[in-house]
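First comes the structure, then the notes that go with it.
The values are calculated or read from the model by the stated rules, or taken from the named source; none is laboratory data. Keep in mind that what you see is a predicted model, and the values were worked out from it rather than measured. Don't worry about glycine lacking a Cβ; one is built from the backbone with ideal geometry, like all the others, and counts go over all protein chains shown.
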Amino acid sequence: MMKRTQMQKLFAAAVLAAMAAGCKQSDIDISNPNSALAGGVASDPTALQLLATGLMVDQRGTRQALITNSGIIGREMYTFTPNEGRNTTHYLIGISVGGVQKLDPTGFATGSWAGEYGALRDIFNFKNTIDASSRTAPEKSAALGFAETLEGLMLFQLLETRDSLGIITEIKADPFELAPFVSRDSGYKYVLNILDDAAAKLSAGGSSFPFTLAPGFGAAVAGIAFNTPPTFLKFNRAIKAKAAVHYATRGGGAAAWQAALTALSASFLNDQATTRTAFDVGVYDTYGASPDSPNGLTQATNTTLYAHMSIQTDAELKANGQPDDRYTAKIRSGLPSRQGPVTGSGPTSASSTLGFSIWPSLSTPIPIIRNEELILLRAEAKLGTGDKAGAIADLNIVRTNSGGLPASTLTAASSNDAIVTGILYEKRYSLLMEGDRWMDMRRYNRLDQLPLDVPSGANKNFVARVLPIPQSECLNRIAKGGDFIGPNGQNDCAP
């Protein structure tokens with residue numbers, strides 16, 4: 001693994017160039033130091049590179065919070081910090097409002113919000129800068145297709161965490177002007193449309209970007225290259241397919257299932273995969289030691305990240321009696337036993353002796369989307385369009401080759417519910433700690449099947465359906481326009 005990412009080198013090169021050139025008064029006569037100028041982007045390749053790199057850094061900065069927030073609620077993991085019990089209680093117990101448990105809108109479980117919207121603001125500025133520049137038409141198209149793909153990804157992550165609460169899709173030119181919330185349905189339609197618009201722009205973007213993409217888009221990390229407009233388009237179609245599958249189970253219906261299949265056919269899906277290398281082809285966020293940002297989930301330094309014990313008990317066995325290969329590869333046992341804080345009313349969580357072996361070093365990449373997931377998304381879409389045999393065939397590609405398990409006993413005579421159960425098992429172990437389990441269980445109305453460590457009493461656990469809108473967002477809206485009422489017709493920020 002490389003110690004310094006390509007993004008580090010780009011920033012370092014820019015700094016060194018500036019130092020070598022020396023400094024004079026004209027260098028510091030800057031009309032607006034907080035906003036890149038279109039003319040500068042047109043004439044200075046380094047300026048455009050830094051803007052594009054900034055968007056990739058923004059996107060990367062949202063990934064680990066999404067994984068941990070969804071991982072705790074989806075019963076994949078705990079963060080057992082000895083001196084901060086709220087990393088357990090704020091997610092598993094929350095607060096009581098009118099006798100109903102919910103997550104605290106001022107607490108720890110309000111993540112996956114500011115990071116995404118910060119990225120969306122930068123994407124908005126990037127697009128305006130590109131539009132106003134004198135770049136060639138193909139260069140503009142490629143740059144805008146890149147930015148709009150990241151826009152779709154950020155909004156999709158917000159939908160995954162807020163679901164029925166809705167999201168804000170519009171970024172206003174005036175950052176102090178509040179854009180309205182839109183419903184989940186409108187949010188999904190916007191995401192699918194912006195990804196399609198990005199695809200059209202990438203298709204007209206020529207053979208190369210006017211900037212260099214991060215290593216996670218290159219063949220050395222990703223397995224195949226996604227760093228030109230034609231190849232980046234395959235990544236765009238993969239994100240479109242995932243968003244369409246999620247939308248299909250949240251009201252999108254038959255049209256969304258078909259849209260998913262169409263997008264998958266234009267993605268990098270490879271259903272001939274039989275090896276770990278082939279399943280892992282995809283787009284990744286890359287990390288490194290200082291001055292880059294390290295992988296904060298790595299077991300090399302993170303001693304507070306524990307796996308939920310149900311991952312062990314629910315793992316199916318291979319023909320030789322050993323656990324699912326995915327369990328063996330991703331879980332390590334024998335850690336010192338820990339649990340959440342114990343109060344006068346008893347424990348707040350179960351204990352665990354399991355950890356993860358997914359990220360061995362500070363520079364271990366984290367996937368955004370991989371081939372293994374695309375095959376399982378196609379299994380969902382095939383089932384959604386009535387192709388039970390096709391869905392079972394796809395889940396078995398993953399089950400037998402990635403898990404080392406015997407082929408499923410499901411048949412075309414099996415119920416849809418049974419096949420969904422089969423798909424969700426494969427997704428659970430194939431995509432462990434990739435930010436999917438909680439959303440998948442919610443999409444299929446199975447949150448009540450997630451285990452409760454403390455099923456009764458004063459410290460009773462619950463499974464949250466959504467992350468709350470941060471109360472700071474609500475108070476700002478109340479200050480500017482009265483009570484905040486979300487798209488579902490209620491005050492989503494109470495209390």
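When segment 124-139 is filtered for residues that are surrounded by fewer than 24 Cβ atoms within 10 Å (Cβ to Cβ) and β-branched (V, I, T), the ones remaining, listed by number, are T129, T136. Restricting attention to segment 157-175, does a residue exist that is in contact with an Asp or Glu (Cβ under 6 Å, 6 or more places away or on another chain) and modelled with pLDDT of 95 or more? Checked against the condition, which is being in contact with an Asp or Glu (Cβ under 6 Å, 6 or more places away or on another chain) and modelled with pLDDT of 95 or more, segment 157-175 yields at least one hit. All of L405, L395 fail the test of being crowded, with 17+ Cβ neighbours inside 10 Å and under 24 Å from the mean Cα position of the chain (by Cα), apart from L395.
Assess whether A393 counts as being part of a loop (DSSP other than H, G, I, E, B), free of Cβ contacts under 8 Å to residues at least 24 places away in the same chain, closer than 20 Å to T274 by Cα and out of contact with any strand residue (DSSP E or B) (no Cβ under 6 Å at 6 or more places or on another chain). Taking the combined requirement at face value, the residue does not satisfy it. Quick check on T385: is it under 22 Å from H90 (Cα atoms), surrounded by fewer than 22 Cβ atoms within 10 Å (Cβ to Cβ) and more than 25 Å from the chain's Cα centre (by Cα)? For T385, the condition - under 22 Å from H90 (Cα atoms), surrounded by fewer than 22 Cβ atoms within 10 Å (Cβ to Cβ) and more than 25 Å from the chain's Cα centre (by Cα) - is not met.
Could you tell me whether any residue of segment 56-66 is within 21 Å of S351 (Cα to Cα), crowded, with 18+ Cβ neighbours inside 10 Å and in contact with a Ser or Thr (Cβ under 6 Å, 6 or more places away or on another chain)? Scanning segment 56-66, I find no residue that is within 21 Å of S351 (Cα to Cα), crowded, with 18+ Cβ neighbours inside 10 Å and in contact with a Ser or Thr (Cβ under 6 Å, 6 or more places away or on another chain), so the answer is no. Scanning segment 68-109 for residues that are part of a helix (DSSP H, G or I), free of Cβ contacts under 8 Å to residues at least 40 places away in the same chain and under 19 Å from P455 (Cα atoms) turns up I72, R86, H90.
Residues satisfying the criterion are present in segment 318-329 (criterion: more than 30 Å from Q59 (Cβ to Cβ) and either among the aliphatic types (A, V, I, L, M) or touching a Lys or Arg at 6+ places or on another chain (Cβ under 6 Å) (or both)).
State whether the residues of segment 426-445 include one that is within 30 Å of G457 (Cα to Cα), among the aromatic types (F, W, Y) and touching a residue at least 24 places away in the same chain (Cβ under 8 Å). For segment 426-445, residues within 30 Å of G457 (Cα to Cα), among the aromatic types (F, W, Y) and touching a residue at least 24 places away in the same chain (Cβ under 8 Å): present. Residues that are assigned to a loop (DSSP other than H, G, I, E, B), under 20 Å from L153 (Cα atoms) and modelled with pLDDT under 95 within segment 110-141 comprise G111, S112, listed in sequence order. Given the condition touching a Leu at 6+ places or on another chain (Cβ under 9 Å), in contact (Cβ under 8 Å) with a residue 24 or more places away in the chain, basic (K, R) and under 30 Å from H90 (Cα atoms), answer yes or no: does some residue in segment 178-185 qualify? Checked segment 178-185: at least one residue is touching a Leu at 6+ places or on another chain (Cβ under 9 Å), in contact (Cβ under 8 Å) with a residue 24 or more places away in the chain, basic (K, R) and under 30 Å from H90 (Cα atoms).
Here are R437, R446, R370, R378: which of them is over 23 Å from R332 (Cβ atoms), crowded, with 20+ Cβ neighbours inside 10 Å, among the basic types (K, R) and at pLDDT 95 or above? Of R437, R446, R370, R378, the one residue that is over 23 Å from R332 (Cβ atoms), crowded, with 20+ Cβ neighbours inside 10 Å, among the basic types (K, R) and at pLDDT 95 or above is R378. Taking the conditions (1) within 30 Å of I72 (Cβ to Cβ); (2) not in a helix (DSSP H, G or I); (3) not β-branched (V, I, T) in turn, L159 satisfies each one other than (2).
Taking the criterion of being part of a helix (DSSP H, G or I) and surrounded by 15 or more Cβ atoms within 10 Å (Cβ to Cβ), the residues of segment 263-290 that qualify are A263, L264, A278, F279. The residue pairs whose first member lies in segment 140-155 and is surrounded by fewer than 23 Cβ atoms within 10 Å (Cβ to Cβ), whose second member is modelled with pLDDT under 95 and outside any helix (DSSP H, G or I), and whose beta carbons are closer than 7 Å, counting only pairs six or more residues apart or on different chains, do not exist in this structure. Could you please find all residues in segment 339-358 being farther than 15 Å from P451 by Cα, in a loop (DSSP other than H, G, I, E, B) and of a type outside the set (S, T, Y)? Hits for segment 339-358 are G340, P341, G344, I358. Take the residues in segment 68-86 that are surrounded by fewer than 20 Cβ atoms within 10 Å (Cβ to Cβ) and not hydroxyl-bearing (S, T, Y); name whichever of them is nearest to E148 (Cα to Cα). Filtering segment 68-86 for residues that are surrounded by fewer than 20 Cβ atoms within 10 Å (Cβ to Cβ) and not hydroxyl-bearing (S, T, Y), the one nearest to E148 (Cα to Cα) comes out as R86.
Per-residue answers, yes or no, for (1) touching a residue at least 12 places away in the same chain (Cβ under 8 Å); (2) surrounded by fewer than 22 Cβ atoms within 10 Å (Cβ to Cβ):
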| position | (1), (2) |
| --- | --- |
| Y247 | yes, no |
| A300 | yes, yes |
| T303 | no, yes |
| I311 | yes, no |
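Among the residues of segment 222-255, what is the count of those that are more than 20 Å from the chain's Cα centre (by Cα) and assigned to a helix (DSSP H, G or I)? Adding up the residues that qualify gives 8. Residues that are in contact with a strand residue (DSSP E or B) (Cβ under 6 Å, 6 or more places away or on another chain) and assigned to a helix (DSSP H, G or I): does segment 168-189 have at least one? There is at least one residue in segment 168-189 that is in contact with a strand residue (DSSP E or B) (Cβ under 6 Å, 6 or more places away or on another chain) and assigned to a helix (DSSP H, G or I). Quick one: is L202 part of a helix (DSSP H, G or I), touching a Ser or Thr at 6+ places or on another chain (Cβ under 8 Å) and buried (at least 23 other Cβ atoms within 10 Å of the Cβ)? When the stated conditions are applied, L202 passes them.
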